[in-house]
Amino acid sequence: MTAAESKTVHTVLGPVPADELGVVSVHEALLSVVPGAQYAFDITMDRVEIFETIAAKLKDFRDHGGKTIVDSTGMFHGRDVKLYEALSRSTGVHIVASTGMGPEEMLGGYFLTPQTNPPTPWPAEKFADLFTKEVTEGMVVPRVERRGAAGLVATAADRAGMTPTEESLFRGAARTALSTGVPVSLRYGNDAVHDLAFVLDEQLPADRVVVGDLDRKDALAAGAPLAIATRGAFVALDHVGLENDAHASDKERAALVAELVKAGHGDRILLSSNAIGVAKGQPDGDMGRTGRHLQYSYILTTFVPLLTEQGLSDEDVARILVDNPRDLLSVR
Amino acid sequence: MSRVNTVLGPIPAEELGYVAIHEHIGYGMPGCELDTNWWKTPEQRYEETVPKLRKFHEYGGGTFVDVTGICNGRDVDYYKSLSAKTGVNIIACTGFVGGDTALPFFARASVEYLAEHFIHEITVGIGDTGSRAGVIKVGVSRGGRMTELDKRIYRAAARAALATGVPILTHLAIDAENSIAIFKEEGLPLHRVLFGHADDGVNAEKTRDRWIAEQGGRVGFDTFGYETELEDPPFWARPRKQRLDHFLGFLEAGYLEQALAGVDANCSPLGWPGVKGHTLNYLFEDLIPDLREAGVDEATITKLFVESPAEFLTIQN
């Protein structure tokens, strides 16, 4: 029995032995609501329709061999823990939900312009406390109750470059990871290595971090995937199925995976599609443009054959889809 | 026909009675709902709120204008139950306390979309509550100057006020040159705007209250009771006499027609501890007695708390 096999992962239905996770998609969204959209006069939140739409996508994922979905949208972007519990019970797919927030643009004024004079934004320690309680005491249903433990802390930096509040978010997320044993999932701003340094500076071991967005064209141009893997953090190529001005093609992704495996970093690679089950409040047409309408099963049905073409063995593929996410998500 | 939207439906302005013009059932910054430090059970919230409203009603209070913006904990179903059980009319708002309290979905929205949203909440209803907003809230973000987003919200509010006939209340009256320029560009008569918090301790000095009145705007002395004499005064507190003298001076200068007064109460605060010793009923227990003691006659008091609010709140179309 390996160390990982004796460990558990926080799912919305409680702790699950890590070796039961199976094929995992680490960067997905179930219900994604741009903060504020829940109040918009022209947006409806039909709970039955939302449930049925996401359940169908989870069943499709399951029918293609998927077993675990990670909702990495954090605590303030539509997360609905009770809905996720029902979805997991009904479909049999494990659901790992996240705490955390970011980028700064997505935060509420409570964190940015508090009712103090001057209105100083929250420091790392307060974010750490907020996120930690979501693991140790449970995720909040706002002003009602706490439910199960968050399985990871997700945060992100601004594409134009990390802001001071985002530095606090990253440091706070790292402190929560250190004190609770869950991993940190971060989406970098404009410099992946620079942004990762803030969580490492908090003494968080690199193998407790996954850096997302590394299949952006600017990441590839900067050699960021290899640089991140070299530092020991997980590399998430998490827009599989999407090709546009900002993102590489699947062909380039597959070549990158082969390159990283060849360089000895096969144990650092994670794949995901950043697909959204149901989105509310996204700008018109954004779903199509960003490829987020994809099925969660896209990697299994369409991308894995590209990896095989690149010469990856079944063991390589299993390591990326099963072992690596298991190691990341296992609570230490 | 005079008409005002309350959370329990439109009523004639003649029924408003004494009005608390700029108040909150419960206010918190967006996101505070995630922090269990501030959570209260429904039992606590009713316990903190119902006795204050009942007392307000017993003192002769008729109407409570709640200016808690869209993302600040505005909770219309809760207001409906409070109004129905205490007999106090509650008017809810559409709009935002300031750009820094508008969540990303609205912060990214165009003037046209924001105006459409406000108009919907005024003419059709807020969410699925069936209640229509009776006023529009706008405000200046922290920092003392209007941000680009603040300006977008002011412009949308002006259009919605013109389209529906409901008035606008502002959080802060600083940087009024910019806000008045927007209202003028949109063609909104300034007597449809109450420029609020002209009297608070942080902003009074920077607020051109008489200039606003000369332009035709209404001026809100609506943070009464936030005094340095309190046990633990907030940063916007001000000596009691100084605020009262400020207000009396404004009235004596001939601006009674454009003056309104309130206390900016937080019956049961949502994302902060609130201010100990300050309640809605400062209005009847302290402010009105202080005005009488200073020689203000009954006709003026009726004007300030009954007639001017009714005129301002009446839907004008």
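Among the residues that make up the range A:153-166, is at least one of them modelled with pLDDT of 95 or more, under 15 Å from B:CYS32 (Cα atoms) and not in a loop (DSSP other than H, G, I, E, B)?
No, there is no match, as no residue in the range A:153-166 is modelled with pLDDT of 95 or more, under 15 Å from B:CYS32 (Cα atoms) and not in a loop (DSSP other than H, G, I, E, B).
Taking interchain pairs and intrachain pairs at least six residues apart, which have beta carbon atoms under 7 angstrom, with the first residue in the range B:282-302 and among the charged types (D, E, K, R) and the second crowded, with 17+ Cβ neighbours inside 10 Å and modelled with pLDDT of 95 or more?
Partner pairs satisfying both residue conditions: B:ASP286/B:GLY225; B:ASP290/B:LEU244.
Could you tell me whether any residue of the range B:58-68 is in contact with a Cys (Cβ under 9 Å, 6 or more places away or on another chain), in contact (Cβ under 8 Å) with a residue 24 or more places away in the chain, of a type in the set (D, E, K, R) and buried (at least 20 other Cβ atoms within 10 Å of the Cβ)?
yes
Which of the residues that make up the range A:144-164 are crowded, with 20+ Cβ neighbours inside 10 Å and either hydrophobic (A, V, I, L, M, F, W, C) or within 13 Å of chain B (Cβ to nearest Cβ) (or both)?
Across the range A:144-164, the qualifying residues are A:ALA149, A:ALA150, A:LEU152, A:VAL153, A:ALA154, A:ALA156, A:ALA157, A:MET162.
Being farther than 23 Å from B:ASP77 by Cβ and under 19 Å from the mean Cα position of the chain (by Cα) is the filter here, so list the residues in the range B:1-19 that pass it. Let's see the steps before the verdict.
The first filter runs over the range B:1-19 and keeps only residues farther than 23 Å from B:ASP77 by Cβ, leaving B:1-2, B:12-14, B:17-18.
Hits for the range B:1-19 are B:ALA13, B:GLY17, B:TYR18.
Check A:ASP46, A:ASP60 and return the single one that is modelled with pLDDT of 95 or more, out of contact with any helix residue (DSSP H, G or I) (no Cβ under 8 Å at 6 or more places or on another chain) and farther than 20 Å from A:ALA275 by Cβ.
After ruling out the rest, the residue left standing is A:ASP46.
Within the range A:175-195, which residues are part of a helix (DSSP H, G or I) and more than 15 Å from the chain's Cα centre (by Cα)?
Those that are part of a helix (DSSP H, G or I) and more than 15 Å from the chain's Cα centre (by Cα): A:ARG175, A:THR176, A:LEU178, A:SER179, A:THR180, A:ALA192, A:VAL193, A:HIS194, A:ASP195.
Filter the range A:50-85 down to the residues that are among the acidic types (Asp, Glu) and within 27 Å of A:LEU186 (Cβ to Cβ), then identify the one that is farthest from the other protein chains (Cβ to nearest Cβ). Even if it seems obvious, please write down each step before you answer.
If we filter the range A:50-85 for residues that are among the acidic types (Asp, Glu), which is where we start, we get A:52, A:60, A:63, A:71, A:80, A:85.
When the remaining residues are screened for being within 27 Å of A:LEU186 (Cβ to Cβ), the result is A:71, A:80, A:85.
Numbers: A:ASP71: 16, A:ASP80: 14, A:GLU85: 19 Å.
Here the residue is A:GLU85.
Condition first: small (Gly, Ala, Ser) and in contact with a Cys (Cβ under 8 Å, 6 or more places away or on another chain). Now tell me which residues in the range B:5-51 satisfy that.
Matches in the range B:5-51: B:GLY26 only.
Return the residues of the range A:313-332 that are farther than 17 Å from A:ALA254 by Cβ and small (Gly, Ala, Ser); say none if nothing qualifies.
A:SER330
Have a look at A:GLU52, A:GLU104, A:GLU125 and point out the one that is more than 27 Å from A:ARG326 (Cβ to Cβ) and touching a helix residue (DSSP H, G or I) at 6+ places or on another chain (Cβ under 6 Å). I'd like the intermediate steps shown before the answer.
Values: A:GLU52 fails: touching a helix residue (DSSP H, G or I) at 6+ places or on another chain (Cβ under 6 Å); A:GLU125 fails: touching a helix residue (DSSP H, G or I) at 6+ places or on another chain (Cβ under 6 Å).
One residue alone meets the criteria, A:GLU104.
Of all helices (runs of 4 or more DSSP H) completely enclosed by the range B:90-177, which ones contain at least 3 residues that are more than 13 Å from chain A (Cβ to nearest Cβ) and surrounded by fewer than 24 Cβ atoms within 10 Å (Cβ to Cβ)? Reasoning before the result, please.
On the way: elements: B:104-107, B:111-123, B:148-164.
Because the criterion is at least 3 residues that are more than 13 Å from chain A (Cβ to nearest Cβ) and surrounded by fewer than 24 Cβ atoms within 10 Å (Cβ to Cβ), the helices (runs of 4 or more DSSP H) in the range B:90-177 that meet it are B:148-164.
Has the range B:98-121 got any residue that is within 27 Å of B:GLU47 (Cβ to Cβ) and in contact with a strand residue (DSSP E or B) (Cβ under 9 Å, 6 or more places away or on another chain)?
yes
The values are calculated or read from the model by the stated rules, or taken from the named source; none is laboratory data. The model shown is predicted, which means the values in this text are computed figures rather than measured ones. Quick reminder, even Gly has a Cβ in these numbers, built from the backbone with ideal geometry, and neighbours come from all protein chains shown.
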